[in-house]
Amino acid sequence: MFGINFKTLRWALSWNFAFLCLLCTVLACWLIVRTSQLQVNAASSHPRALLVDAVFPAMATVFGFAWWKVWKQRPSARAWGIAASVLITAHPVWRIIRFPRSIHGYNVLVLAVGVVGLLAFLMPDEATPKQNAEELEEPSIEGI
């Protein structure tokens with residue numbers, strides 16, 4: 001479709017997922033250490049803190065699996081790629097809905113990457129020309 005090689009596009013997006021996995025892992029470690037330091041000073045712990053601390057490890061897991069499955073060309077790569085692309089688009093969409101006047105360049109750029117990822121992973125793989133030719137041929141009728 002449109003001369004786009006979806007395999008190459010998926011491969012490039014998978015390295016974006018690898019970077020995001022690393023970033024979310026670092027942020028998760030920092031956030032957990034920071035929360036534990038604040039919990040020591042506070043008399044009580046908040047259940048929300050555990051929920052917030054679980055967001056980045058969960059995102060790192062999704063991005064990590066998406067990268068690994070696309071890199072190894074597994075059948076489940078498309079599903080993980082779609083999940084990772086939805087995660088990428090979730091934040092800019094939330095920001096645009098929540099603060100409609102604050103559409104900045106980075107929100108539009110991240111949204112564009114997420115939409116391109118969704119399109120790349122939702123599009124079916126192209127059939128080979130040999131397959132198309134076999135499907136178009138009419139069956140031969142013997143005896144006529």
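Derivation of every value follows stated rules applied to the coordinates shown; laboratory data play no part. Given the structure is predicted, the values throughout are model-derived calculations rather than measurements. All Cβ positions, glycine included, derive from the backbone under ideal geometry; neighbour counts span all protein chains shown.
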Discussion item. Counting other C-beta atoms within 10 Å, and keeping those with at most 11, which DSSP coil chymotrypsin sites (Phe, Trp or Tyr not before Pro) do you find in region 1-32?
Written reply: PHE2
Practice prompt. May I have the extent of the alpha carbons of region 6-122 along their three principal axes, as whole Å values ordered from largest to smallest?
Written response: 53, 38, 18
